[in-house]
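Engineer: For reference, the structure I am asking about is given below.
Just so you know, all these numbers are worked out from the coordinates, no wet-lab data involved. This is a predicted model, so every value here is computed, not measured. Reconstructed Cβ throughout: ideal geometry from the backbone, glycine too, with neighbour counts over all protein chains shown.
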Amino acid sequence: MGSIRIPSPRGAFRVWQRNATIFRKYWKSAMFPNFFEPLLYLAAMGLGLGAFIQQGGINGQTYVQYIAPGLLASNAMFAASFESTFNTFVKLRIDRIYDAITTTPVNPEDVVAGEYLWAGTRAALYGTGFLAMLTVLGFAFTPENPLISSWWALLIPPMLLVIGVMFSVMGTLFTSLIKRIDLYAYYFTLVVTPLFLFSGIFFPVEEFPAPVPQIAWFTPLYHAVNACRGLANGPDLAVAGDVLWILVFTGALSLVPVQIMRRRLVS
C-alpha cells in the first residue's frame, strides 16, 4: 500500500491558481445558471407554495424565510458536485490535464487537494452572489421579515467554501472509482437528488417518523442546511455542532480520494 502522502499547500495552490486563471475567461457564462437556478426555486417554492402556508408557519418564519438559507447550502452542493464530477472526469480521462500537471513538481496529491479547494471556491462564489441577492430582495420587498436577519450571515461565504470542499471530496471519491462518464447518472440520482429533497431545505425532516430524522442526521447536506440557516438567523450552540460534523466528515474522507487518484495518475 505504501505510506499515505499528504498534499503540499504550495502544489495545491498552483492547481487552484490554474483553475482560477482559466475561470476568468468564462466566469460570466459559468455563473449564470448556478446563480439563477436557486432564485427559480425560491420563487416557485418560497413564493408559490409559500402562499398556501400561513404566516409564521414553520418555526415562526414565513416559508420563504425558511427555505432561503437552505437553498444557499444546496447551491454550494450542486456547484461543488458538478465541478468534482464531470469537470474532474474530463480533466482526468479525456483531456488528460492531470497527466500534464504531474510532469511538473506538482504531485497527484497536490492535484486532488487543489481541486478540492477550487470546487469550494466556486461554491463560495456562487453562494455569495445568491446571498447578496437574498439580502437585497428581503429588505426591498419584506423589510419586516428579511430573508437574512443576522450579522452572523457574514460568516456564510466561508461556510459555503467549507461545504463546497466537503461535496468536492464526495464527488472526487466517486470520480476516482468510475471509468465511464455516464455512471454519474447514478451519483446524481441516488445521492445528490435525495440529499436535496430530504435534508431540511423545504420542510423540517424532524417531523417525519423514525428513522427518517436519524438517517438525515448522518447526511452531509442536512448539517450544511442547518449551519446556513443558523448563520442567516443568528446561531446557537447547535450550529457549532453542525460545523464540527462537517469538518470531521470532510477530514475523515478527504484522504481516500487522494490515495485512489494517486494510483490512477501514476499507473
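Engineer: Over the alpha-carbon set of the stretch 189-267, work out the extent along each principal axis and list the three values in angstrom, largest first.
Structural biologist: The Cα atoms of the stretch 189-267 stretch 49, 28, 20 Å along the principal axes, largest first.
Engineer: Next up: Which parts of the stretch 142-176 would a label at Val136 reach, counting a residue when its backbone N lies under 18 Å from a point 7 Å out along Cα-to-Cβ?
Structural biologist: Only 142-143, 146-149, 154, 157 pass the distance filter.
Engineer: Hey, what's the Kirkwood Rh for the stretch 9-266 if you take every pair of different alpha carbons, in angstrom?
Structural biologist: After inverting the pairwise mean of 1/r, the radius is 18.9 Å.
Engineer: For a paramagnetic label modelled at 7 Å from the Cα of Thr103 toward its Cβ, which residues of the stretch 253-267 fall within the zone defined by backbone nitrogen distances under 17 Å?
Structural biologist: 265-267
Engineer: Using the number of other C-beta atoms within 10 angstrom as an exposure proxy, rank Ile156, Ile163, Ile246 with the fewest first.
Structural biologist: On the way: Ile156 27, Ile163 33, Ile246 20.
With the sparsest Cβ surroundings first, the list reads Ile246, Ile156, Ile163.
Engineer: If packing is taken as the average count of other Cβ atoms within 10 Å, what order do 183-192, 72-81, 208-217 fall into, highest mean first?
Structural biologist: Highest to lowest by the protection proxy: 72-81, 183-192, 208-217.
Engineer: How big is the gap, in Å, between the Cα center of the stretch 142-207 and the Cα center of the stretch 210-227?
Structural biologist: Taking the Cα centre of each part, the stretch 142-207 and the stretch 210-227 sit 11 Å apart.
Engineer: Continuing with this model, one more query. Could you name the aspartates and glutamates in cross-link range of Lys28, using Cα to Cα under 15 Å and dropping any fewer than eight places away on the same chain?
Structural biologist: Glu37
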